[in-house]
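FYI, it's all coordinate maths here, none of it is from the lab. Here the structure is a predicted model, which means the values were calculated and not measured. Note that each Cβ is placed from the backbone with ideal geometry, even for glycine, and that neighbours are counted across all protein chains shown.
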Amino acid sequence: MIGVSALVSGDDSGRSTGAGQGASSADDGWRWESYQTIELQVPEDWGYGITGSPPCLVEKKQRPHVGRPGPVRTIGCWGLPPLAHRAPYVWFDTKSRNPAGDGMRKLGVQPADHGWVEETRLVDGLHVTVLSDDDSLRRRILDSARVIDGSDANGCTPDHRLAHQPDGRPASTGGLASIGTVESIKVCRYAITRRDPDRRAPLIASSIFTGDAAGALVDAITSAPEGSGPNDKECIDTYGMYILVLTVRGGSRDQEVSVRYDGCDFNGTDDGQTLRQLTAPVLRPILTGIHQPWHYHGSLYELVVGPQPSK
């Protein structure tokens, strides 16, 4: 397995009858972000930190962003980013560990320097940290945090059976070919739970595709070659750390599609009817922004980014 670091979002019809908080709109100019069992609002122009890349690992000025922990939470970090590189951020975590990496972070308000303040709150057993030099912005973000009731703002549930059974298949009564006109796709990224049994819920992040982007993604999935791949038979991490579960909303019914991309074997899409290989048109729209991986296996890197740099 080759790892390349990339530090660079029913009824008989198959529709969900309970939208839960998925029907809750964000404030004007804001968006919802979810992690495990909670969600909160951030300004809609904020970017995303790559999962597993703490905010201190920057060498230039960053956009304000939302970050999530990965397999290594604090590597190489001993404090906040330099003032010249610093930007506001939200950091989700399961433990009260400072994302800047200087050990366990206390709950409450922690003044930094030059007017910057870091505040950590406990929400449903999870720690949410906000760093900002704007007190009202920091409080507004933290005050918006809430427990997910049923599904998050994008329609993703905190738990899903495929997070516990990555070799499972979505239920199907005809696959994507039977859903009618594509209306939208919700994308739910889950941690495969055997990798972290202490996790409160496997939901890592969620996003949604609508309009032409949703139709193009379904076209890419259904036009990919049948079978599994790309795979690497020489490595041993069969399913990897994450799995994506897409719910495609169609004019006739909804259909779940699993996307296995993070392991050594059984990679591909599955609509419960047909297994298909991963291709660049499938992965590039999905594995960007909120779902960008913290690393790529060799063949995955080439599909998403392009040819690997020569050594």
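Of note:
- Among 146-153, 259-266, the order from most to least packed when residues are scored by Cβ within 10 Å on average: 259-266, 146-153
- For Val245, neighbours were defined as the other residues whose beta-carbon sits under 15 Å from its Cβ, and their charges (Lys and Arg +1, Asp and Glu -1) total -2.
- Placing a pseudo-label 7 Å from each Cα along the Cα-to-Cβ vector at Asp27 and Asp159 gives an inter-label distance of 3.3 nm.
- The amide H of Ser184, built 1.01 Å from its N in the peptide plane, has Arg249 as neighbours under 5 Å, considering only residues 5 or more places off or on other chains.
- For Glu256, the amide hydrogen comes within under 5 Å of the amide hydrogens of Val248, counting only partners 5 or more places away or on other chains and with H modelled in the peptide plane.
- With both labels modelled 7 Å from their Cα along Cα-to-Cβ, the Ala112 to Ser178 distance reads 5.3 nm.
- For Cys264, the residues whose amide H sits under 5 Å from its own are Asp237, Thr238, Tyr239, Gly240, ignoring neighbours fewer than 5 places away on the same chain, with H placed 1.01 Å from N.
- Cut-off 15 Å between beta-carbons: net charge of the residues surrounding Gly175, Lys and Arg +1, Asp and Glu -1: -2
- Rounded to whole numbers, the Karplus 3J(HN,Hα) couplings from phi for segment 139-152 are 5, 4, 4, 5, 5, 7, 5, 8, 7, 5, 10, x, 9, 7 Hz, using 6.51 cos²θ - 1.76 cosθ + 1.60 with θ = phi - 60°, and x at Gly and Pro.
- The phi torsions of segment 162-171, fed into the Karplus equation with coefficients 6.51, -1.76 and 1.60 and a -60° offset, translate into couplings of 6, 6, 9, 10, x, 8, x, 10, x, 5 Hz, rounded to whole numbers, with Gly and Pro shown as x.
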